[in-house]
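Here's the structure, in structure tokens; my notes come after.
Quick note: the coordinates plus some simple rules give every number you see, no bench work behind them. The model shown is predicted, which means the values in this text are computed figures rather than measured ones. Because the Cβ atoms are built from the backbone with ideal geometry, glycine has one as well, and the counts that use them run over all protein chains shown.
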Amino acid sequence: MDANYVVRLLLPENICVCCLDFSGSGQSGGDYITLGVREPSDLKIIVTFLRTIGIEMIGLWGRSMGAVTALRYLHMERDLSISGILVDSPFTTLVNLIHHLVSQKNVPKFATNAALYFINKTVKEKAKFDIHEVNTVESARECYVPALLAHGEKDSLIPAFHSHEIAENYSGDCHLMLLENQDHNDLRPLHFLRAARGYFKTLLKGGIKQPKELFKWAQAPAPRRETSPGSSNGMRLASTAFD
């Protein structure tokens with residue numbers, strides 16, 4: 001789980017970590033995930049709870065659907081009290097994502113459009129949402145808190161151009177970190193984790209931050225060889241190499 005290394009990464013910096021499974025996934029109840037349509041409502045419940053127990057500085061870290069959810073939450077709730085976000089491998093729209101996945105099977109465009117119609121019809125009937133509702137490019141235009149984007153250069157599920165387009169349309173301070181030789185579900189390398197730790201450590205100190213200060217770790221060149229947290233000694237390295 002991503003949450004395991006996030007906890008190991010941030011707790012030593014006195015940053016509390018709250019992890020959640022969205023409705024319909026992981027250990028949570030529910031029959032369906034909605035790929036960013038209803039998940040912002042789940043996130044709103046968590047943010048509201050954290051506020052009630054006195055947590056003032058909150059940063060959001062999401063990957064894939066979680067990344068989409070963070071962007072849409074900021075757009076839908078207009079929550080400028082969020083200190084900043086880290087979004088890893090978001091997609092622009094569900095329609096674009098489906099077109100990409102189908103194109104890998106050499107399906108003609110007219111057949112894809114017909115399939116999209118029936119997919120959306122079925123989703124509306126069973127899960128009660130429309131696949132056209134998710135558009136993170138539109139959301140990015142309404143997001144004003146700092147954002148660190150990350151994407152694997154070799155992501156075969158959600159190509160990196162999705163993050164490029166989101167970054168180009170993001171209204172707040174934003175930096176895109178491309179991860180060399182990384183696919184969608186790969187364990188993230190140590191230089192990315194260092195950047196994430198430095199970003200949140202700076203972000204959650206409070207006060208006004210300049211982009212140069214926020215993103216300095218992300219702008220550092222990646223080392224040629226390093227160990228990721230999923231390897232046999234990865235977590236040992238993760239606990240020492242960040243000092």
On a straight-distance basis, which aspartates and glutamates could pair with K126 in a cross-link, Cα separation under 18 angstrom, same-chain partners fewer than 8 positions away excluded? D31, E39
Helix-only CD estimate at 222 nm, as mean residue ellipticity for the chain, using -39500 (n - 2.57) per DSSP H run (n ≥ 4): -12500 deg cm²/dmol
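Hey, got the dipole for the chain? About the Cα centre, +1 on K and R Cβ, -1 on D and E Cβ, debye to the nearest 20? Walk me through the numbers on the way to the answer.
Numbers: 26 positive and 26 negative charges, 46 e Å.
Dipole magnitude for the chain comes out near 220 debye.
How big is the dipole moment of region 1-117 about its Cα centre under a simple scheme where the beta carbon of each Lys and Arg is +1, that of each Asp and Glu is -1, and everything else is neutral? Debye, nearest 20, please. Working shown, then result.
Numbers: 9 positive and 10 negative charges, 77 e Å.
Taking the Cα centre of region 1-117 as origin, the dipole is about 360 debye.
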Between K109 and K216, what FRET efficiency comes out of the Förster formula 1/(1 + (r/R0)^6) with R0 = 30 Å and r the beta carbon distance, rounded to 0.05? 0.10
Starting from the Cα of K154, draw a straight line to each of the lysines and keep only those under 26 Å, dropping any in the same chain fewer than 8 residues away. K105, K109, K216
In vacuo Debye scattering of the chain, one point per C-alpha: log10 I(q)/I(0) at q = 0.07, 0.08, 0.17 Å⁻¹? -0.24, -0.31, -1.38
Can you compute the charge dipole magnitude of region 94-133 about its Cα centre, using +1 on each Lys and Arg Cβ and -1 on each Asp and Glu Cβ, nothing else charged? Give it in debye, rounded to the nearest 20. 100
Considering amide H positions built from the backbone, and no H for Pro or chain starts, which residues 5 or more places from L149, or on another chain, come under 5 Å of its amide H? V87, H175, L176, M177
Assuming R0 = 25 Å, what is the FRET efficiency of K201 and K154, from their Cβ-Cβ distance, to the nearest 0.05? 0.30
Output the Kirkwood hydrodynamic radius of region 94-133, Cα pairs only, in Å rounded to one decimal. 10.4
What is the list of residues in region 77-94 whose amide nitrogen lies under 20 Å from a point 7 angstrom out from the Cα of C16, following Cα to Cβ? 80-86
Check the straight Cα-Cα distances from K212 and name the lysines below 26 Å, setting aside those fewer than 8 residues away within the same chain. K201
Spelling out what I want: for every residue of region 111-116, take phi, set θ = phi - 60°, compute 6.51 cos²θ - 1.76 cosθ + 1.60 (Karplus), and round to whole Hz; glycine and proline get x. 6, 5, 4, 5, 5, 4
Using Cα atoms only, what is the angle between the long axis of helix 39-52 and the major principal axis of the chain, expressed in degrees (0 to 90) to the nearest 10? 30
Taking Cα atoms, the helix 65-77 axis meets the longest principal axis of the chain at an angle in degrees (rounded to 10) of 90
Pick out, from T202, A167, L71, the residue whose Cα sits farthest towards the positive end of the charge dipole of the chain, with +1 on the Cβ of Lys and Arg and -1 on the Cβ of Asp and Glu. T202
Percent of beta bridges antiparallel (DSSP, the chain, rounded to nearest 5): 5
